[in-house]
Amino acid sequence: MDRNRGILIAGNWKMNHGARATSDFAAAAKSGWGSLSDRARKALAVTAGPGKLDALVFPPFLSLETARREFTGIPVAVGAQNVHFEEKGAFTGEISGAMLKEIGVGTTLVGHSERRQYFGETDASAKKRAESHLNQGFTVVLCYGETRAEREASRTEAVLERQLRDGLPAEWNERLVLAYEPVWAIGTGLTATPEQAEDAHAFSRAFLVKKYGADNAAKTKILYGGSVTPENVRGLLAKPNVDGGLVGGASLKAESFLALVEGAGSFL
Ligand code: PEP
């Protein structure tokens with residue numbers, strides 16, 4: 001299997017884990033780190049390119065500094081769940097890329113279905129954020145995916161096509177990561193089957209080929225998100241176009257997060 005893209009396991013903590021719980025998570029992750037297999041640890045230690053395993057969490061804003069500080073010694077990167085596209089100014093309640101860079105945050109999450117559902121994010125605003133964050137040097141994880149009603153109406157591909165057409169940055173960037181997250185699978189326990197995930201990922205990659213060319217498409221990671229657990233992660237990652245997971249519930253406990261990392265490590 002082509003693992004040239006490496007694998008990314010990213011935990012989306014949503015509105016969970018304040019500073020204290022983040023500290024507890026880090027302590028548990030550090031004490032469990034030694035139990036990871038040599039294979040997983042070796043993949044985590046690769047610095048770039050093929051065979052590289054990345055582990056990342058997206059804590060809430062108030063826990064970012066704690067996470068940055070307390071993950072020292074273990075290779076768990078830290079990302080932000082919601083970042084404005086402007087670099088500064090009169091945007092009450094918002095956070096800029098520059099503020100995040102100052103504390104060592106290198107990744108942003110864009111277009112998550114909860115941001116779309118509850119906070120008015122659209123394909124267009126996701127694109128605007130993605131372009132701005134990429135220009136500012138961040139890795140960007142751009143989420144998209146169909147609702148249950150859209151899947152039941154056999155509109156999955158049409159919806160993905162629209163989301164990718166309207167949401168992807170105009171220019172390809174090596175720091176762009178996609179996350180296919182069928183809305184019906186998020187937080188429901190209804191994971192897509194590996195075949196359903198692979199179909200959507202292969203469709204997305206074909207879109208990337210048309211938009212950015214075959215070489216760039218082949219280098220772009222596409223994560224799957226939606227009720228990923230330590231039990232089902234291997235089946236999903238066994239598919240050739242699934243390059244990692246964006247994980248909500250199962251990323252909240254260090255033991256479970258480490259089990260996801262271990263599962264991913266077995267492919268590298
Ligand atoms: C998510 O938050 O992006 C997600 C996929 O959540 P869960 O794993 O809990 O379904």
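The values are calculated or read from the model by the stated rules, or taken from the named source; none is laboratory data. Small disclaimer: the values here were computed from a predicted structure and weren't measured. Backbone-built Cβ (ideal geometry, glycine too); neighbour counts: all protein chains shown. For accessibility, only protein heavy atoms count, side chains too; no ligands or nucleic acids. Shrake-Rupley method; radii C 1.70, N 1.55, O 1.52, S 1.80 Å.
Being open to solvent by 30 Å² or more (accessible area, probe 1.4 Å), over 16 Å from residue 52 (Cα atoms) and aliphatic (A, V, I, L, M) is the requirement here; does residue 202 meet it?
yes
Taking residue 40, is it assigned to a helix (DSSP H, G or I), closer than 18 Å to residue 250 by Cα and in contact (Cβ under 8 Å) with a residue 40 or more places away in the chain?
Answer is no for this residue.
Taking the options 139, 108, 188, name whichever one is open to solvent by 50 Å² or more (accessible area, probe 1.4 Å) and either β-branched (Val, Ile, Thr) or modelled with pLDDT of 95 or more (or both).
That would be 188, the only listed residue that is open to solvent by 50 Å² or more (accessible area, probe 1.4 Å) and either β-branched (Val, Ile, Thr) or modelled with pLDDT of 95 or more (or both).
Regarding segment 210-220, can at least one residue be identified that is among the small types (Gly, Ala, Ser) and within 16 Å of the ligand (Cβ to nearest atom)?
There is no residue in segment 210-220 that is among the small types (Gly, Ala, Ser) and within 16 Å of the ligand (Cβ to nearest atom).
Which of (1) within 16 Å of the ligand (Cβ to nearest atom); (2) farther than 24 Å from residue 52 by Cα; (3) open to solvent by less than 30 Å² (accessible area, probe 1.4 Å) does residue 151 not meet, given it meets every other one?
Residue 151 satisfies all of (1) within 16 Å of the ligand (Cβ to nearest atom); (2) farther than 24 Å from residue 52 by Cα; (3) open to solvent by less than 30 Å² (accessible area, probe 1.4 Å) except (3).
Sort out which residues of segment 206-232 are over 15 Å from residue 180 (Cβ atoms), of a type in the set (A, V, I, L, M, F, W, C) and touching a residue at least 40 places away in the same chain (Cβ under 8 Å), and write them in order of number.
Scanning segment 206-232 gives a single hit, 218.
With the checklist (1) out of contact with any Lys or Arg (no Cβ under 7 Å at 6 or more places or on another chain); (2) within 16 Å of the ligand (Cβ to nearest atom); (3) assigned to a loop (DSSP other than H, G, I, E, B) in hand, flag the one item residue 82 doesn't pass.
(1)
What's the total number of residues in segment 18-37 that are assigned to a helix (DSSP H, G or I), among the aliphatic types (A, V, I, L, M) and closer than 25 Å to residue 267 by Cβ?
Final tally of qualifying residues: 2.
Would you point out the residue of segment 212-263, among those that are of a type in the set (Gly, Ala, Ser), closer than 19 Å to residue 13 by Cα and over 14 Å from the mean Cα position of the chain (by Cα), that is surrounded by the fewest Cβ atoms within 10 Å (Cβ to Cβ)?
256
Across segment 222-252, what is the total count of residues that are part of a loop (DSSP other than H, G, I, E, B) and either of a type in the set (S, T, N, Q) or more than 13 Å from residue 267 (Cβ to Cβ) (or both)?
Matching residues across segment 222-252 total 10.
Filter segment 168-203 for residues that are more than 16 Å from the ligand (Cβ to nearest atom) and outside any loop (DSSP other than H, G, I, E, B) and give the result.
176, 195, 198, 199, 202, 203
Which residues, counting only those in segment 169-193, are within 15 Å of the chain's Cα centre (by Cα) and within 27 Å of residue 50 (Cβ to Cβ)?
174, 175, 176, 177, 178, 179, 180, 181
Working only within segment 1-49, note down all residues that are surrounded by fewer than 15 Cβ atoms within 10 Å (Cβ to Cβ) and basic (Lys, Arg).
The answer is 20, 39, 42.
Can you confirm whether residue 72 is in contact with a strand residue (DSSP E or B) (Cβ under 8 Å, 6 or more places away or on another chain), free of Cβ contacts under 8 Å to residues at least 60 places away in the same chain and polar (S, T, N, Q)?
For residue 72, the condition - in contact with a strand residue (DSSP E or B) (Cβ under 8 Å, 6 or more places away or on another chain), free of Cβ contacts under 8 Å to residues at least 60 places away in the same chain and polar (S, T, N, Q) - is not met.
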